[in-house]
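Dropping a structure here in structure tokens format, bear with me for questions.
The values are calculated or read from the model by the stated rules, or taken from the named source; none is laboratory data. This is a predicted model, so every value here is computed, not measured. Note that we place each Cβ from the backbone using ideal geometry, even for glycine, and neighbour counts take in every protein chain shown.
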Amino acid sequence: MKIAILSRGPQLYSTQSLVRAGHQRQHEMHIVDHTRCTLVVGRGRPQIFYGEYLLPRFDAIIPRIGASVTSQGATVISQFEMMDTFSAVRPDALLQSRDKLRCLQKLARCGIEVPRTVAVVPGQPLMPLINSIGGLPVVIKMLESTHGIGVILAESFRTAESVIEAFQRKGERLIMQEFIEEARGADIRALVVAGEVVATMERRAKPGEFRSNLHRGASAEVEHLSPEEENLVKKAVKLMGLDVAGVDFLRSKRGPLIMEVNASPGLEGIEGITGVDVAGKVISFVEQRVRERQHYQSNTRK
């Protein structure tokens with residue numbers, strides 16, 4: 001098969017892991033920077049130029065879309081789909097999962113527990129919002145933050161007010177969430193491929209830090225999910241319309257709380273900690289879906 005990884009970072013671990021896994025299965029692998037794609041839209045003749053080069057048709061693409069170019073990435077995915085290329089991530093699912101508020105709304109509407117969350121709009125009185133989610137301290141997040149960037153723990157009203165004003169001056173959209181003290185700086189990351197949980201780990205923040213991102217110096221170890229947690233993770237991914245995703249949740253006094261469903265989860269930490277070839281499982285999933293599409297198309301032509 002001819003498979004393209006949509007990635008702006010050809011040197012990144014996740015991109016290279018997927019390329020290696022594809023090569024091991026004798027596939028022709030390409031890395032395409034989606035921000036350099038020029039889309040030609042026309043009835044019956046969708047095309048994509050990569051610089052001056054007209055991209056050939058790929059059997060499948062595996063999007064690795066960064067938060068800063070989510071909308072652009074979704075548009076490129078849609079163009080590939082118009083060219084009858086299978087995508088491991090659908091554009092609407094990418095857009096919905098990347099917006100933290102929309103993601104939490106969808107999960108909560110469908111009965112999944114999430115941290116108490118409030119959208120922060122400029123000009124609103126702040127203290128009533130803080131009280132509505134249980135009081136101080138609170139966690140303030142940019143809606144499209146990644147790797148813990150744009151995530152602040154505010155322990156006082158003055159800090160919360162200053163942080164929110166600073167972000168809003170830059171035009172950032174914000175949410176504010178309750179702080180789950182009993183989690184003690186730890187969360188669980190579960191990787192799901194084709195509806196199955198394939199790898200799980202617990203991440204624990206370093207001393208003096210509340211963010212459990214590995215990029216922030218957190219430690220991690222293999223963790224096993226309870227049947228309740230596994231079913232919850234699978235349900236969350238299915239609701240978001242994703243086939244490949246990372247799910248982050250906290251263990252709280254009222255049960256597991258889903259924090260995020262990530263359509264482009266990093267593979268380096270979880271592959272290194274668990275020893276699971278997650279990239280290989282993604283390639284196997286892509287193979288299966290492409291074969292199913294080809295079989296269906298062959299039957300419809302008869």
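What's the number of the condition I140 fails, among (1) touching a Pro at 6+ places or on another chain (Cβ under 6 Å); (2) assigned to a strand (DSSP E or B)?
(1)
Here are some conditions: (1) over 20 Å from the mean Cα position of the chain (by Cα); (2) of a type outside the set (D, E, K, R); (3) at pLDDT below 95. S252 meets all but one. Which one does it not meet?
(3)
Only one of (1) more than 24 Å from K235 (Cα to Cα); (2) modelled with pLDDT under 90; (3) surrounded by 15 or more Cβ atoms within 10 Å (Cβ to Cβ) fails for I152. Which number is that?
All conditions are met except number (2).
On to the next question. Under the condition of being surrounded by fewer than 20 Cβ atoms within 10 Å (Cβ to Cβ) and small (G, A, S), which residue from region 273-292 is farthest from A4 (Cα to Cα)?
Taking the candidates together, the pick is G275.
Further, regarding this structure: Out of curiosity, is F179 over 18 Å from S226 (Cα atoms) and touching a strand residue (DSSP E or B) at 6+ places or on another chain (Cβ under 7 Å)?
Here the answer is yes, as F179 does meet what is asked.
Determine, yes or no, whether R43 is assigned to a loop (DSSP other than H, G, I, E, B), among the charged types (D, E, K, R) and at pLDDT below 95.
So R43 passes the test.
Please verify whether region 103-110 includes one or more residues that are among the basic types (K, R), modelled with pLDDT of 95 or more, out of contact with any strand residue (DSSP E or B) (no Cβ under 9 Å at 6 or more places or on another chain) and surrounded by fewer than 18 Cβ atoms within 10 Å (Cβ to Cβ).
Within region 103-110, one or more residues are among the basic types (K, R), modelled with pLDDT of 95 or more, out of contact with any strand residue (DSSP E or B) (no Cβ under 9 Å at 6 or more places or on another chain) and surrounded by fewer than 18 Cβ atoms within 10 Å (Cβ to Cβ).
How do the pairs read when you match residues in region 257-279 that are under 16 Å from L239 (Cα atoms) with residues anywhere that are assigned to a helix (DSSP H, G or I), using Cβ under 6 Å and keeping only pairs 6 or more apart or on different chains?
I258/L107; I258/A236; V261/S97; V261/C103; V261/A236; A263/L94; A263/S97
So which pairs qualify, if the first residue must be in region 1-21 and under 23 Å from E81 (Cβ atoms), the second must be of a type in the set (K, R) and surrounded by 22 or more Cβ atoms within 10 Å (Cβ to Cβ), the Cβ gap must be under 7 Å, and the two must be at least 6 apart or on different chains?
The qualifying pairs are I5/R64; L6/R64; S7/R64; S14/R64; T15/R64.
Give the residue that is surrounded by the fewest Cβ atoms within 10 Å (Cβ to Cβ), with candidates limited to residues of region 158-189 that are more than 25 Å from the chain's Cα centre (by Cα) and of a type in the set (S, T, N, Q).
Within region 158-189, the match that is surrounded by the fewest Cβ atoms within 10 Å (Cβ to Cβ) is S162.
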